[in-house]
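One structure is given here, and the rest of the page talks about it.
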Amino acid sequence: MVSRVIPVDSFDLVIFGGTGDLARRKILPALFRRFVAGQMPEDARIVGAARSDLDDEGYRAFVREALAEFVPKAEAPDVDAFVGALGYVPVDARGTNGWEELAKRMRDGVIRAFYLSVGPGLFGDLAERLHQYGMADADSRIVVEKPFGRDLESAKALNEVLVGAFDESQIYRIDHYLGKETVQNLMAVRFGNVLFEPLWNSQYVDHIQITVAETVGVGGRGGYYDKSGAMRDMVQNHLMQLLCLIAMEPPSKFDPDAVRDEKLKVIRALDPVAHHHIVRGQYSETKDTASYREDAENPRSFTESFIAMKLGISNWRWAGTPFYLRTGKRLRARSSEIVVVFKDAPHSIFGADQGTHRNVLTIQLQPNEGMTLDVTIKEPGPGGMRLLDVPLDMTFAEALGPEAEEVPDAYERLIMDVIRGNQTLFMRGDEVEAAWAWTDPLIAAWQARNDVPQPYDTGSSGPEDALMLMHRDGRRWRDIRE
Ligand code: BG6
């Protein structure tokens, strides 16, 4: 397979919060990888901006350390060349310090992008100063991260701040799940093949499962997490985006607004969820690992580290097909997958003793990216017609060869899309607000009842009731495994 890297136009990228954790772990390593791949033009410039009192050399040393930790295979000449593109200006987001100097660093005639890798409380101040110091123009791009609000009201307020300073077409709201290769593949599989689309509806699909399971706990970020919980941290954004891509109507073209219009329609068509269709859980301690409450440093916490729910979508395509979603920390394995379970054949010509056989399409998002389609075949050998389900396996690493093993990080794709000016894989303001409008009443309802999350064992599949959620309907979750 030949990799086709098309270099982007030259740019100046300012990373506010350039010494922060996200910059270290994700943004700078992603830029480095694109640099090595030849996609970042040699004369592109990256300027870190934060409160720390560093100079250019100090920042380069900081980035070298970050690369040593997060891109251990980085080769010294590549690192030397990359850090040559870096600079740093200490700025005071709420004051005047540093702004004139930062403005001087901006070049004319190249794309300007401003990555606000800072708390949302600073968005307004930064946006104001970018205009005041003449750094932002009609073609500049603004990148913001989640959490984009903690409810509809705060998300609206953030949107107002951003839209007051920039046009919606300049705002790139990152949901890093959209940058994952296999998530983009969902669209390729659905809309690039004629095979699936005719069956992609409630007439043929029995149900759909979406699982995002993690083995990590919340230790180290308990303060943030305890105020969010799995619903705000994962469902409102990442799982919602997966649901949209799996359930949306085919957009007329692969274009930012066409795709986002269709996703928005899915969110708006979601049914309210009955409280007995939601299961919340908290992980317990083991001999070696702390409990959720210990990690969150809140012995009376009612925040969920696990959530499972059954959803319905009220439109012609999906009325009657349940969607089961679950996500949690400290589960049995790190595994994210979407499982489309098709209905039984309308009539079995082989007799009742052959049992039921179903086609199941499993899209494994991470790790081991790939797809399998369970098909029914005859068990080989004599002895009559016995049926057997076997997976047609398309693990991408095997099917696509060595290049597929190096799945690029989501941030690589997303940051290059910012420079290219392509918003398809970013959330529009109305999408984010619609997702909160659906989420808010569910959270309010369990808060009003003082709902207590159920404990579950670390290393398990979540609370028993999450299994029951499907058993009650005569269905079962696919096992969580890598
Ligand atoms: C983040 C959440 O957005 O996504 C984390 O805040 C979660 O709690 C992470 O662990 C999962 O991302 P990934 O890419 O590891 O699946």
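The values are calculated or read from the model by the stated rules, or taken from the named source; none is laboratory data. Everything numeric in this text was worked out from a predicted model, so none of it was measured. Glycine gets a Cβ as well: all are built from the backbone with ideal geometry, and neighbour counts include every protein chain shown. Areas reflect the complete protein model, heavy atoms only, side chains present, ligands, DNA and RNA absent. Shrake-Rupley method; radii C 1.70, N 1.55, O 1.52, S 1.80 Å.
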Discussion item. Could you tell me the relative contact order of the stretch 323-482? Use alpha-carbon pairs under 8 Å, at least six residues apart, and round to a whole percent.
Written reply: 23
Worksheet item: Counting only the heavy atoms of the protein chains, how much of Lys378 is accessible to a 1.4 Å probe, in Å² to the nearest 10?
Response: 90
Practice prompt. Rounded to the nearest 0.05, what FRET efficiency do Arg334 and Asp479 give with R0 = 22 Å and r taken as the Cβ-Cβ distance? Could you check?
Written response: 0.95
Worksheet entry | Inter-probe distance in nm under a simple model that places probes 7 Å from Cα toward Cβ, at Glu406 and Ala258 | 3.2
Worksheet entry | trypsin sites (Lys or Arg not before Pro) restricted to the stretch 208-315 and DSSP loop, no more than 13 other C-beta within 10 Å | Lys253, Lys287, Arg300
Response to the item:
Once amide hydrogens are built 1.01 Å from N within the peptide plane, the residues lying 5 or more places from Ser336 or on another chain with amide H under 5 Å from its amide H are Ala213, Leu365, Gln366
Response to the item:
Residue span Asp288 to Val36: 0.36 nm per residue of separation minus Cα-Cα distance leaves a gain in nm of 86.7 nm
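Could you compute the FRET efficiency for Arg221 and Val194, with r as their C-beta to C-beta distance and R0 at 45 Å, rounded to 0.05?
Values: r = 45 Å, r/R0 = 0.99.
With a Förster radius of 45 Å, E is 0.50.
Kindly give Rg over Rh for the stretch 325-438, based on alpha-carbon atoms, with the Kirkwood expression for the hydrodynamic radius.
Details: Rg = 20.5 Å, Rh = 18.4 Å.
So for the stretch 325-438, dividing Rg by the Kirkwood Rh gives 1.12.
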Worksheet item: Which value in nm describes the separation of the simple spin-label points at Arg107 and Glu379, placed 7 Å from the Cα toward the beta carbon?
Response: 6.9
Worksheet entry | Rounded to whole Å, sorted largest first: equivalent-ellipsoid semi-axes of the stretch 261-370, Cα gyration tensor | 34, 21, 15
Worksheet entry | For the stretch 420-436, 3J(HN,Hα) per residue [Karplus equation, 6.51 cos²θ - 1.76 cosθ + 1.60, θ = phi - 60°, Hz, x = Gly/Pro] | 5, x, 10, 8, 3, 9, 10, 8, 7, x, 5, 5, 4, 5, 5, 5, 5
Worksheet item: What is the list of residues in the stretch 255-288 whose amide nitrogen lies under 16 Å from a point 7 angstrom out from the Cα of Gln454, following Cα to Cβ?
Response: 275-284
Discussion item. How much length would be gained if the chain were fully extended between Glu69 and Met468, taking 0.36 nm per residue of separation minus their Cα-Cα distance, in nm to one decimal?
Written reply: 139.4 nm
Worksheet item: Which far-off residues, 5 or more places away or on another chain, put their amide H under 5 Å from the one on Met371, with H placed in the peptide plane?
Response: Gln364, Met394, Thr395, Phe396
Item to complete: Grab the DSSP H runs of the chain that are 4 residues or longer, score each as -39,500 (n - 2.57), total them, divide by all residues and round the 222 nm result to the nearest 500 deg cm²/dmol.
Response: -9000 deg cm²/dmol
Worksheet item: Roughly how many percent of the accessible protein surface of the stretch 1-152 is carbon and sulfur, given a 1.4 Å probe and a whole-percent answer?
Response: 48
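Gain in length, His276 to Asp430, computed as 0.36 nm per residue apart minus the alpha-carbon separation, to one decimal in nm?
Result: 52.6 nm gained on full extension.
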Worksheet item: Per-residue HN-Hα couplings for the stretch 136-142, Karplus 6.51 cos²θ - 1.76 cosθ + 1.60 at θ = phi - 60°, whole Hz, x for Gly and Pro?
Response: 8, 10, 5, 9, 5, 10, 10
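Checking a compactness column here: for the chain, what do you get for Rg(Cα) / (2.2 N^0.38 Å), N being the number of residues?
On the way: Rg = 24.0 Å, N = 482, 2.2 N^0.38 = 23.0 Å.
Here the Cα radius of gyration is 1.04 times the empirical estimate.
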Item to complete: Using only protein heavy atoms and a 1.4 Å probe, report how much of Leu331 is accessible, in Å² to the nearest 10.
Response: 10
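Given a 1.4 angstrom probe, I'd like the percentage of the accessible area of the stretch 217-308 that is carbon and sulfur, rounded to a whole number. Working shown, then result.
Numbers: 1910 of 3810 Å².
Roughly 50 percent, rounded to a whole number.
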Worksheet entry | Residue-wise HN-Hα coupling along the stretch 444-459, computed from phi with Karplus coefficients 6.51, -1.76, 1.60 (Hz; x: Gly, Pro) | 4, 5, 6, 5, 5, 8, 6, 4, 9, x, 7, x, 9, 6, 4, x
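Give me the accessible area per residue for the stretch 76-116, probe 1.4 Å, as a whole number in Å².
Result: 44 Å² per residue.
In the stretch 185-291, which chymotrypsin sites (Phe, Trp or Tyr not before Pro) fall in coil by DSSP and have 10 or fewer other Cβ atoms within 10 Å? Present the calculation step by step, with values, prior to reporting the outcome.
On the way: sites: Phe191, Phe196, Trp200, Tyr204, Tyr224, Tyr225, Phe254, Tyr283; in loops: Phe196, Trp200, Tyr204, Phe254.
For chymotrypsin sites (Phe, Trp or Tyr not before Pro) across the stretch 185-291 that sit outside H, G, I, E and B with at most 10 neighbouring Cβ atoms in 10 Å, the list is empty.
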Worksheet entry | Amide H contacts under 5 Å for His207, placed H, 5+ residues apart | Val341
Response to the item:
Given unit charges at Cβ for Lys, Arg (+) and Asp, Glu (-), the dipole magnitude of the chain about its Cα centre in debye, nearest 20, is 1020
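Normalise the Cα radius of gyration of the stretch 242-310 by 2.2 N^0.38 Å (N = residues in it) and let me know the number.
Working: Rg = 18.6 Å, N = 69, 2.2 N^0.38 = 11.0 Å.
Here the Cα radius of gyration is 1.69 times the empirical estimate.
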Worksheet entry | Qualifying GluC sites (Glu not before Pro) for the stretch 317-425 [loop in DSSP, other Cβ within 10 Å: at most 14] | Glu406
Worksheet, complete the sentence: Extend 7 Å from the Cα of Asp151 along its Cα-to-C-beta direction; within the stretch 194-230, residues with backbone N under 17 Å of that point are 226-230
Worksheet, complete the sentence: Helix 152-165: inclination vs the chain longest Cα principal axis, degrees, rounded to 10, gives 40
